[in-house]
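Encoded as structure tokens, the structure appears first; notes follow it.
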Amino acid sequence: MQTIHLDGGEHAVLLLHGLQSSPAELQPLAKRLHQAGYTVHVPHLRGYGFIQGDTPRSVTHWQDWHVAATAEFLALKSQHTSVAMGGLCIGAVLSLSVAAEQGDKVAALTLMATTLWYDGWSIPWYRFMRYVGYYTPARYLYTYREREPFGLKNAQLRKWIAREMAHKDSTIVGASKLNLPAIQEAERMIAAVKKSLSKVTAPAIVIHAEEDDIASMRNPRYVMANLGSQHKELVTLHNSYHMITVDNEREHVAGETIRFFAAYRSVAHSD
């Protein structure tokens, strides 16, 4: 799916999808935010996301992702009273990268399943071997195939995704395979963002599932402990895995985001 744009009111929200994924994984949240009166923009970022025909060599540097996301933010800011933003997984990390630079221009943040470490219970033990591939020609040959539970606790949805993965390159939970160049660039961005968390000043809601299969609770706790934001809140989910925007508690995720954004949009800086 390409970029989602839903025209709404004077307050806007920029949402960033996960690595090698697409705006589809954020569509339920985008619709709920739009119903709440927001203009919502969910861009597909080339070189970061995935579309049919992409190869490992399509991946760009994480600094390019930052520049592209920043441009999307500033375009919205030039036309709206305030702009909040957020993302899922590595999209949350990319949101933090932008927020650290843009400071008080960001009205608020929703950080969903933030991934600073790939340390969830479903990550295979042999994943450390990726470091060998980063610096050899294998980086363009090896891919990590997504496997069950696909970040989903919802059994029915997981079954449907398994069928989709069998004959499609991508689904609503992202590409069927993750390539090494994308993972390497994501980890480079993570390293940079960890160092800049104290520069983030926007109010932030951090939403994470206690059973997240990709990123353990260590991740949101680290974000909460190191964010420079004066106002920050942690919401822990109890019936979801990693893909919290489409899993069992997607309505709760949307409701908490809307509640938090509403509390801060009236005090957002206009410049």
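The values are calculated or read from the model by the stated rules, or taken from the named source; none is laboratory data. Here the structure is a predicted model, which is why all the values come from computation and not from measurement. Using ideal geometry, Cβ is built from the backbone for each residue, glycine included, and neighbour counts are taken over all protein chains shown.
Residues are listed down the side, and each one gets a yes or a no for (1) free of Cβ contacts under 8 Å to residues at least 24 places away in the same chain; (2) within 19 Å of T257 (Cβ to Cβ); (3) out of contact with any strand residue (DSSP E or B) (no Cβ under 7 Å at 6 or more places or on another chain); (4) among the aliphatic types (A, V, I, L, M):
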| site | (1), (2), (3), (4) |
| --- | --- |
| H44 | no, no, yes, no |
| A69 | no, yes, no, yes |
| F73 | no, yes, no, no |
| A84 | no, yes, no, yes |
| C89 | no, yes, yes, no |
| E101 | no, no, yes, no |
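Which numbered condition in (1) under 22 Å from L29 (Cα atoms); (2) over 18 Å from the mean Cα position of the chain (by Cα); (3) hydroxyl-bearing (S, T, Y) is the only one that S198 fails?
(1)
Taking the range 46-65 as the search range and keeping residues that are modelled with pLDDT of 90 or more and buried (at least 20 other Cβ atoms within 10 Å of the Cβ), which one is farthest from I4 (Cα to Cα)?
Per the stated criteria, the residue is W62.
Which is at pLDDT 95 or above, in contact with a Leu (Cβ under 7 Å, 6 or more places away or on another chain) and not hydrophobic (A, V, I, L, M, F, W, C), of H80, H11, H17, H5?
Numbers: H80 fails: in contact with a Leu (Cβ under 7 Å, 6 or more places away or on another chain); H11 fails: in contact with a Leu (Cβ under 7 Å, 6 or more places away or on another chain); H5 fails: in contact with a Leu (Cβ under 7 Å, 6 or more places away or on another chain).
Testing whether each residue is at pLDDT 95 or above, in contact with a Leu (Cβ under 7 Å, 6 or more places away or on another chain) and not hydrophobic (A, V, I, L, M, F, W, C) leaves just H17.
Does the range 187-211 hold any residues that are out of contact with any His (no Cβ under 8 Å at 6 or more places or on another chain) and in a strand (DSSP E or B), and which are they?
Result: I205, V206, I207, H208.
Could you tell me whether E25 is surrounded by fewer than 24 Cβ atoms within 10 Å (Cβ to Cβ), touching a residue at least 12 places away in the same chain (Cβ under 8 Å) and not polar (S, T, N, Q)?
no
Looking at the range 174-194 only, could you name the residues that are modelled with pLDDT under 80 and under 16 Å from the mean Cα position of the chain (by Cα)?
Listed by number, the residues that qualify are G174, A175, L178.
Any idea which residue in the range 212-247 is nearest to P23 (Cα to Cα), counting only those that are surrounded by 19 or more Cβ atoms within 10 Å (Cβ to Cβ) and polar (S, T, N, Q)?
T245
Check whether at least one residue in the range 112-120 is over 20 Å from G49 (Cα atoms), not aliphatic (A, V, I, L, M) and not in a helix (DSSP H, G or I), and report yes or no.
Narrowing the range 112-120 to residues over 20 Å from G49 (Cα atoms): 119-120.
From the residues that got through so far, the ones that are not aliphatic (A, V, I, L, M) too are 119-120.
Narrowing the set further to residues that are not in a helix (DSSP H, G or I) leaves 119-120.
The answer is yes, given that some residue of the range 112-120 is over 20 Å from G49 (Cα atoms), not aliphatic (A, V, I, L, M) and not in a helix (DSSP H, G or I).
So, of the residues in the range 183-211 that are of a type outside the set (V, I, T) and closer than 17 Å to H17 by Cα, which turns out to be surrounded by the fewest Cβ atoms within 10 Å (Cβ to Cβ)?
E187
Please state which one of A92, A100, A107, A113 is more than 17 Å from the chain's Cα centre (by Cα) and crowded, with 22+ Cβ neighbours inside 10 Å.
Details: A92 fails: more than 17 Å from the chain's Cα centre (by Cα); A100 fails: more than 17 Å from the chain's Cα centre (by Cα); A113 fails: more than 17 Å from the chain's Cα centre (by Cα).
Step by step, each of A92, A100, A107, A113 is checked, and only A107 is more than 17 Å from the chain's Cα centre (by Cα) and crowded, with 22+ Cβ neighbours inside 10 Å.
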